[in-house]
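The values are calculated or read from the model by the stated rules, or taken from the named source; none is laboratory data. Since the model is a prediction, treat every value here as computed from it, not as a measurement. Positions of Cβ are generated from backbone atoms using ideal geometry, with glycine treated the same way; all protein chains shown enter the neighbour counts. Keep in mind that these areas ignore ligands, DNA and RNA; they rest on the heavy atoms of the full protein, side chains included. Shrake-Rupley method; radii C 1.70, N 1.55, O 1.52, S 1.80 Å.
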Amino acid sequence: GCVLVVSVIEQLAQWHNSTVKAAVERLCNYIPGKYQIIRHMLCCIDREVNADVVCHSLKLCKQDPGQPLCHLYRPPKASIVFYFLPLQKIFTGFSSVCAFPLLANLCEKIKYVIRNKLPFEDFDGDKFSTFPTLRGYHWRGRDCNDENITVYPGRRPDNWDVKSDSNCNGIWGVDPKDGIPYEEKFCKGAGSQGVVLLGDSAGAHFHIPPEWMTVTQMSAKSFANLPMAFTDELDWPQFSEITGFLNSTIGGWTDSLYLRLRRRNRCNHRDLQNISQNGILARNQLLDNPAIVIYATIGNDVCNGNRDTLAHMTTPKEMLSNVVQALRYLDSRLPNGSHVILTGLVDGRFLWDNLHDRYHPLGQLNKDITYSQLYSFLDCLQVRSLAVAYEPILPLSPLLKPLSLCQVSPCSGWLTPNETLRNLTSERALQLSNVLKEIARSEKFANFDIFYMDFPLRQTAEEWRKMGGEPWQLIEPVDGFHPSQIAAALGTSITWQKALQEWPQVLGKENPFNDQIEAIFKDQGGH
């Protein structure tokens, strides 16, 4: 984080031909007030000294004995390092941004949400919220009555919602022409169902806006979404491939399984849950509608923060046990008539092949940082932490592992110049995908049927080429790892077409009353 901020400040000074002080003031004017902690770095930055030197001098970065010196830029001369040594004592206390009073409350809120994976604002405790971020309605359908635990998206209507909207799909009341409740008239027998994602950071749609670090395009407008992004953990589920429901503001366009199911049956409005990076499924087997569940942990089982990454990857035997256990849990929670789609792991060699020699956004001004350098920097960085292992989506206590050094790299098996390691990582990913495929073929469950599909990376790349695009545009530009907004939207189209052709029963039928529902909303000034 320090290297990022200092790099931006130095490049702002270069681009605008100004002093470092003026560049800091410029950046501070761009950023919303409560986030202006960068002023504290002002006296430590010199245009002649790179960000690695500054951040090591502040002790925000350090070199442990016996460990390599981690650097994003070319190592500087030793004399420059000593120039900064007197500053170390001054800034030793700045190692945690949460120590700043203006950020303390925000940090506590974010820690709570990250720890519990439940909405920060949920007055009735039904796991649905009227607040967008902090695991609110960007992640699960918006609650329409946060003071009544029996009112939430996805439930079957209470007495056909004659008096109020118990399932938050906006359809309630009685047609004065014939006395029939609207919910009964439009939604009875329509096969209403929700969509649930059990996923990882890709499913949560992790994204760091490139305009935050591209000084040639930077303005106050660039940081307008910073508070929302931080309180959503730098995830953008509202634009994601499975549960996206808002028009994208981060490039590309939004096309999601939820939006397509909603267009197919307007009664499905708001019935979505994005349970990524662990969380609790909010589904009542007796009271709620069935759901389509997408199980998509596309990289976590082969990506880890260990030096001997291959030894810490999930084995096929572990994969079988973990996934079957998760499916048995789902069988105890999902209403009858639900569907589960297992998604195979991605072939992450696509990342290195298409990005390693391209310039990262931080390197575009001076042509000095490639993705290969970024990957090496992240692979070098380590954090000493208590490793926590979770079973996917199961409400179990975490399994604590001994204190250990973990790499910061999101996937050292793929983000590496070692071609042999990249190939071995993909080989294990294929083995685990085959386990999922066999589970879908052989396992049976009482309350849902189960299907398998490969992660559609190859088809997505082919489709994007036909549209005149380049493969690297399918990858998030800042982290060089996650699928981009374009990849998410194209992936939805491919998944939908496969479902239409091979499992039409999963998508349900077209609701013939969709136009009438929308017309009534329009007449009443509805939302």
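Solvent exposure of residue 502, expressed as accessible area, is near 100 Å², computed with a probe of 1.4 Å over the protein chains only. For residue 367, the aspartates and glutamates whose Cα falls under 12 Å of its own Cα, not counting residues fewer than eight places away in the same chain, are 357. Here, region 203-335 is characterised by an Rg to Rh ratio of 1.04, where Rg is the alpha-carbon radius of gyration and Rh the Kirkwood radius. Principal semi-axes of the equivalent ellipsoid, √(5λ) from the alpha carbon gyration tensor of the chain, are 43, 27, 21 Å from largest down. Just how much of residue 182 is accessible, in Å², when a 1.4 Å probe is used and the result is rounded to the nearest 10? Spelled out: residue 182, probe radius 1.4 Å, area about 30 Å². The 1.4 Å probe gives accessible areas that order 243, 130, largest first, as 130, 243. Less than 5 angstrom separates the built amide H of residue 360 from those of 369, 370, 371, all sequence-distant by 5 or more or on a different chain. Let's test the formula: R0 of 35 Å, r as the Cβ-Cβ distance of residue 306 and residue 466. What FRET efficiency results, to the nearest 0.05? The value I calculate is 0.35. Here the accessible area is traced with a 1.4 Å probe on the protein chains. For the chain, carbon and sulfur cover 54 percent of it. Computing Rg and the Kirkwood Rh from the Cα coordinates of region 281-326 gives a ratio, Rg/Rh, of 1.16. Using the structure shown, list the pairs from 117/163; 185/522; 498/522 with a Cα-Cα distance above 24 Å, or answer none. Check vs 24 Å cut-off fails for 117/163; 498/522. For residue 444, the aspartates and glutamates whose Cα comes closer than 17 Å to its Cα, not counting residues fewer than 8 places off in the same chain, are 331. These residues, 206, 230, go from largest to smallest accessible area, 1.4 Å probe, as 230, 206.
For region 431-436, the Karplus equation 6.51 cos²θ - 1.76 cosθ + 1.60, evaluated at θ = phi - 60°, returns couplings of 4, 6, 4, 5, 5, 4 Hz by residue, with Gly and Pro reported as x.
Angle of helix 457-466 to the longest C-alpha principal axis of the chain, folded into 0 to 90 degrees and rounded to 10: 80°.
Shape of region 420-527 from its Cα gyration tensor (a ≥ b ≥ c, root eigenvalues): rounded if a/c is under 1.5, otherwise prolate when a/b > b/c, or oblate? Oblate is the answer for region 420-527, as a/c is 1.5 or above yet b/c matches or exceeds a/b. Counting charges near residue 205 (Lys, Arg +1; Asp, Glu -1) among other residues having Cβ under 10 Å from its Cβ returns a value of -4. Rounded to a whole number, what is D in µm²/s for region 402-468 from Stokes-Einstein with the Kirkwood radius over alpha-carbon pairs (10 °C, 1.306 mPa s)? D, rounded to a whole number, is 103 µm²/s. Using only Cα atoms and rounding to the nearest 10 degrees, what angle (0 to 90) does helix 371-380 make with the longest principal axis of the chain? The angle comes out near 80 degrees.
Computed over protein heavy atoms with a 1.4 angstrom probe, the accessible surface ordering of 357, 200, largest first, is 357, 200. If you fit an axis through the alpha-carbon atoms of helix 20-30 and take the longest principal axis of the Cα set of the chain, what angle between them do you get, 0 to 90°, nearest 10? That helix lies at roughly 10 degrees to the long axis.
Amide hydrogen proximity for residue 127: with H placed 1.01 Å from N in the peptide plane, no residue at 5 or more positions away or on another chain lies under 5 Å. With a Förster radius of 41 Å applied to the C-beta separation of residue 163 and residue 473, the computed FRET efficiency comes to 0.20. For residue 288, the residues whose modelled amide H falls within less than 5 Å of its own, excluding neighbours fewer than 5 places apart on the same chain, are 156. With a Förster radius of 56 Å applied to the beta-carbon distance between residue 509 and residue 226, the computed FRET efficiency rounds to 0.85.
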